[in-house]
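Take a look at the structure below.
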Amino acid sequence: MLSLLALAGCAEVPSSKSRATGAATAAAVDCGRIAGNGRTFYESNPTYKDPRDDDEDWSPTAPEAQGMDSTKLRTGLTKLGNNASLLSALVIRNDRLVAERYYHGSGAQRSNNVHSASKSILQALVRIAVAKGDVGSLDDPVADYLPEYFGKASPDKKKITIRHMLTMRSGLDWTEDSTEGQIEKTSNWVRAILGRELVSAPGTTYNYSSGNTHVVSAVLQKATGMSTCQFAHQYLFGPMGITAEHWGRDPQGVFSGGYNVYLTPREMAKFGLLYLHDGKWGGRQLVPRDAVRAAQARTARVDDVFAYSEGWWMQTVSERSMYFAWGFGGQFIHVIPSADIVLVTSENTSDSSINKEINPGEFIRDYLLPATAGPGP
């Protein structure tokens, strides 16, 4: 395990070198090279290495310089590390990376599957496409973009919109972590997903489905004339100096929508900072403000603790509202606007025998937020 580092990064004003690197990244990424094999819906979660050393994107600071108690923070991060599958924990406050720990042999350049945390990234991409005019509106029916799959569909099924898909209210039959096995046996996953029975009226019932977001990826590709991977690197990742090391793909070449995207913890942190800053990066409105507002607007109460918005989750801890990207097995990007904090964690999901998803709410409640009160007496 590495010692607690004091690093800092400025989301609003990246260096000219960082901006140039981002532009080069967008131009150089080979989505065909990093694509999955198109045979399995969920992959075996190997580890990749990001060849880029991004140390120059960050600069040093101490937690106390940002009004935080390093002792409380260190204690909490050490306790988190008792989880055998934890790979990283990063805390950013006031744009400064005040704590960065890697566990169990991991490191800053280790890129892992962020799983469903990429549903939040997909939300950003679709909102960018709307702002560009490639997609007319989130309230457009999916059938307008993928008519080949709706020829014999019922009138009600033709009412399913992009928004219904992003908010998990399509009404299509789906059992997460089960239906995927049926879908991957077919030759056309999008057709198979849209061919599922409509069990509730579109827009009425929340039901979490990675099938929904995969269809959204297909819509995005059809609307933009680019793969979701290419679009992401051109309009989102590239300007921030982010490059996915791997991205899943289906038999038709549709890049995975909301799963099987591989990023480093620092790249996850950059995405969190982007939303913390209302969609701005380097003074540029990279993601529309309405995307950030939608991420914080509840569309469904899931249970007594969590709510869902549009590709993002919501929770209140110690009377502070926060929203977060949540990926299977402990991939989290928490945005806490009232504390000016982004918290990122990643875990090993390649070994199911050790993976036990952390409860970041406990760490936030017991250590992170108390540390914002500053050093004790």
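Placing dummy labels 7 Å off each Cα toward the beta-carbon, the span from Asp139 to Ser178 is 3.5 nm.
Placing unit charges on each Cβ (+1 for Lys and Arg, -1 for Asp and Glu) gives the stretch 285-337 a dipole about its Cα centre, and among Val302, Thr316, Gly330 the Cα reaching farthest toward its positive end belongs to Thr316. Measuring r between the beta carbons of Ser59 and Ser318 and using R0 = 22 Å, the FRET efficiency lands at 0.15. Only lysines eight or more places from Lys49 in sequence, or on another chain, were considered; those with a Cα closer than 20 Å are Lys270. Taking 1.306 mPa s as the viscosity and 10 °C as the temperature, the Stokes-Einstein diffusion coefficient of the stretch 93-252 based on its alpha-carbon Kirkwood radius rounds to 93 µm²/s. Under the combined filter of DSSP loop state and at most 15 neighbouring Cβ atoms within 10 Å, the stretch 166-228 retains these trypsin sites (Lys or Arg not before Pro): Lys185.
So what does the Cα-only Debye profile of the chain read at q = 0.07, 0.09, 0.13, 0.14 Å⁻¹, as log10 I(q)/I(0), no solvent term? Values, matching the q order: -0.29, -0.48, -1.02, -1.19.
Dipole of the stretch 113-173 computed with +1 at Lys/Arg Cβ and -1 at Asp/Glu Cβ about the Cα centre; of Val114, Pro155, Leu125, farthest Cα towards the positive end is Val114. At q = 0.17 Å⁻¹, what base-10 log of I(q)/I(0) does the Debye formula yield for the stretch 222-377 when every alpha carbon is treated as an equal point scatterer in vacuo? Debye output, listed in q order: -1.16. Of all aspartates and glutamates in the structure, those lying under 13 Å Cα to Cα from Lys72, and not within fewer than 8 positions of it along the same chain, are Glu64, Asp366. Reducing the stretch 216-251 and the stretch 117-157 to their Cα centroids gives an inter-centroid distance of 15 Å.
Straight-line cross-link reach from Lys222 at under 18 Å between alpha-carbon atoms covers these aspartates and glutamates, not counting any fewer than eight positions away in the same chain: Asp134, Asp139, Asp140, Asp144, Glu148, Asp250.
Between Gly105, Gln221, Ala192, the Cα set farthest toward the positive side of the dipole of the chain (charges on each charged residue's Cβ, about the Cα centre) is that of Gln221. What the stretch 105-244 shows is 35 Å² of accessible area per residue, with the surface traced by a 1.4 Å probe over protein heavy atoms. The dipole here belongs to the chain: it is taken about the Cα centre, uses +1 on the Cβ of Lys and Arg and -1 on the Cβ of Asp and Glu, and is about 480 debye. Here the stretch 102-197 was treated as a single set of alpha-carbon atoms; its pair distances binned every 5 Å from 0 give 2, 10, 17, 19, 19, 13, 7, 5, 4, 2, 1 percent. For the stretch 177-261, GluC sites (Glu not before Pro) are listed when DSSP marks them as loop and at most 12 other Cβ atoms sit within 10 Å of their Cβ; the list is Glu197.
In deg cm²/dmol, rounded to 500, what helix-only [θ] at 222 nm does the chain give when every DSSP H run of at least 4 residues adds -39500 (n - 2.57) and the total is split over its residues?
Working: 12 runs with 102 residues, N = 377.
Mean residue ellipticity, 222 nm, calculated: -7500 deg cm²/dmol.
Applying the criteria of a DSSP loop state and at most 12 other Cβ atoms within 10 Å to the trypsin sites (Lys or Arg not before Pro) of the stretch 44-113 yields no site. Solvent-accessible area assigned to carbon and sulfur over the stretch 214-347 amounts to 45 percent, based on a 1.4 Å probe.
Pairs of alpha-carbon atoms within less than 8 angstrom and 6+ residues apart define the contacts here; what relative contact order does the chain have, in percent? Don't skip to the end; give the middle numbers.
Values: 789 pairs, mean separation 100.2, N = 377.
Reported relative contact order: 27 percent.
Do you know the relative contact order of the stretch 256-377, to the nearest whole percent, from alpha carbon pairs under 8 angstrom that are 6+ apart? Computed value for the stretch 256-377: 17 percent relative contact order.
The values are calculated or read from the model by the stated rules, or taken from the named source; none is laboratory data. What you see is a predicted model, and the numbers here were worked out from it, not measured in a lab. Glycine also receives a Cβ, built like all others from the backbone with ideal geometry; neighbour counts cover every protein chain displayed. Surface accessibility is based on the protein's heavy atoms, side chains included, excluding ligands, DNA and RNA. Shrake-Rupley method; radii C 1.70, N 1.55, O 1.52, S 1.80 Å.
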